[in-house]
Amino acid sequence: MKNKEEKTNAIRLLEQRKLRFQVHDYSQSDAVNGMEVANYLNENPDRVFKTLVTVGKSAGHYVFLVPVNRELDLKKAAKSVNEKSIEMIKAKELLPLTGYIHGGCSPVGMKKFFPTVIDTGAEKFDEILFSGGKIGLQIEMSLSELQKVITFQLADIASP
């Protein structure tokens, strides 16, 4: 019998590493943005993070996680990765670059690893939530567990 639950790259990777995490399914909701996802899951939006992929002036790519109720401050983000400037990549570039679609991009399990920065607001929580690798799934885990699967730094990158 085939397991009905479709596993994303992110979930497979976390299971292979035997890390502690929890999956939240919101596929039955009509939530389309991060705030709606946080509301549907009855979570503090400061604890639910969106994954943003950018390109720097040097043509290097970077991944940033910021709370869903805030925006990425491009100046602070560029400074955190020692770039003169960064900009968001175009939505059509996301899937070929990361293997994920817009709205379902997880910092875990991308085709290639990119330098990753998480907003310092994450430190206030025992666990944070972020995309599980497809629209309708969120992964909840601690930063210490997350650090076992991806390398990241913490920086003040969200707009006030």
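The values are calculated or read from the model by the stated rules, or taken from the named source; none is laboratory data. Note that the structure is a prediction, hence the values are computed from the model and not measured. Neighbour counts are summed over all protein chains in view; Cβ atoms, including those assigned to glycine, are modelled from backbone coordinates with ideal geometry. Side chains included, ligands, DNA and RNA excluded: accessible areas come from the protein's heavy atoms. Shrake-Rupley method; radii C 1.70, N 1.55, O 1.52, S 1.80 Å.
Return a yes/no flag: does segment 90-107 have any residue that is crowded, with 18+ Cβ neighbours inside 10 Å, more than 20 Å from Arg12 (Cα to Cα) and touching a residue at least 24 places away in the same chain (Cβ under 8 Å). Yes, segment 90-107 has at least one match. The residues on offer are Leu19, Leu74, Leu41, Leu65, and the sole one that is open to solvent by 40 Å² or more (accessible area, probe 1.4 Å) and either in contact (Cβ under 8 Å) with a residue 24 or more places away in the chain or hydrophobic (A, V, I, L, M, F, W, C) (or both) is Leu74.
Flag set for Val53, criterion: open to solvent by less than 70 Å² (accessible area, probe 1.4 Å), at pLDDT 95 or above and in contact with a strand residue (DSSP E or B) (Cβ under 6 Å, 6 or more places away or on another chain).
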